[in-house]
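Quick note: the coordinates plus some simple rules give every number you see, no bench work behind them. In this text, all values refer to a predicted model and were calculated from it rather than measured experimentally. Quick reminder, even Gly has a Cβ in these numbers, built from the backbone with ideal geometry, and neighbours come from all protein chains shown.
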Amino acid sequence: MNVEDIYNINLLSFNVRGLRMETKRISIFQYIIRNKIDICFLQETHSKECDENKWRNEWGGEMYFSHGTSQARGVSVLFRSGFDMKVLDIKIDKDGRYLYMNIESQDTNFKIINIYAPNIDINQLRFFYKYKEIIG
């Protein structure tokens with residue numbers, strides 16, 4: 001088997017600036033599917049826990065969340081339907097700033113990290129210092 005065949009994974013990172021509107025959310029999900037993205041990192045989803053089931057059903061694949069508020073923050077990691085992977089470990093920020101995952105796919109371990117850092121310099125420094133302690 002060719003190495004390119006084993007590790008051919010399509011990734012996308014996308015600041016969506018809110019997914020509360022259903023038409024926008026469905027449109028973004030369709031874009032990801034149409035472009036055959038295997039793993040998608042969404043930032044600024046504005047998701048809440050009560051959104052999870054509906055959004056997962058609309059997406060159709062695996063979807064993991066770190067919620068912010070309905071007006072700010074929030075990150076998600078989406079895996080296309082049928083993507084062969086197993087979650088080994090997951091760390092979720094309660095402020096909707098990061099989602100850290102260890103997964104196994106194609107007999108290989110990967111670290112999947114989605115970050116939505118603060119905009120203000122001093123808050124960024126605090127965030128990355130705290131984040132460094134969390135992931136080691």
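Using the Cα centre as the reference, give the magnitude of the dipole from point charges on the C-beta atoms of the chain (Lys, Arg: +1; Asp, Glu: -1; all else neutral), rounded to the nearest 20 debye.
Charge dipole, the chain, about its Cα centre: 540 debye, nearest 20.
Can you figure out the FRET efficiency of Arg126 with Arg17, using R₀ = 25 Å and their beta-carbon distance, to the nearest 0.05? Display every interim value, and only then the final one.
Numbers: r = 24 Å, r/R0 = 0.95.
Rounded to the nearest 0.05, the efficiency is 0.60.
Label-point separation (nm) for Ile33 and Glu52, each offset 7 Å from Cα along Cα-to-Cβ?
In this crude label model, Ile33 to Glu52 measures out at 2.3 nm.
What does the charge add up to near Phe14, with Lys and Arg as +1, Asp and Glu as -1, over the other residues with Cβ less than 13 Å from its Cβ?
Numbers: positive: Arg17, Lys24, Arg25; negative: Glu44.
That sum, taken over residues with Cβ under 13 Å, equals +2.
For the chain, what is the relative contact order in percent, using Cα pairs closer than 8 Å and at least 6 residues apart in sequence? Display every interim value, and only then the final one.
Values: 256 pairs, mean separation 24.7, N = 136.
For the chain, the relative contact order is 18 percent.
Whole-Hz Karplus ³J(HN,Hα) for segment 31-42, in order, using 6.51 cos²θ - 1.76 cosθ + 1.60 and θ = phi - 60°, x for Gly and Pro?
So the J values, rounded to whole Hz, are 4, 4, 5, 4, 8, 6, 7, 7, 10, 10, 9, 9.
Evaluate the distance, in nm, between pseudo-label points positioned 7 Å from the Cα of Asp84 and of Asn109 along their respective Cα→Cβ axes.
A separation of 2.0 nm, rounded to one decimal place.
Once you mark the trypsin sites (Lys or Arg not before Pro) that are in a DSSP loop and have at most 16 other Cβ atoms within 10 Å, what is the longest gap between them in the chain?
Numbers: sites that count: Arg17, Arg20, Lys36, Lys48, Lys94.
Answer - 49-93.
Students often get this wrong, so check it: of Lys48/Lys130; Lys36/Lys132; Lys54/Lys130; Lys36/Lys130; Lys94/Lys132, which have C-alpha atoms separated by over 28 Å? List each step's numbers first, then the result.
Working: Lys48/Lys130 23 Å; Lys36/Lys132 32 Å; Lys54/Lys130 32 Å; Lys36/Lys130 34 Å; Lys94/Lys132 16 Å.
Exceeds cut-off: Lys36/Lys132; Lys54/Lys130; Lys36/Lys130.
If you plug each phi of segment 87-92 into the Karplus form 6.51 cos²θ - 1.76 cosθ + 1.60 with θ = phi - 60°, what whole-Hz ³J(HN,Hα) values come out, in order, with x for Gly and Pro?
7, 8, 7, 8, 10, 10
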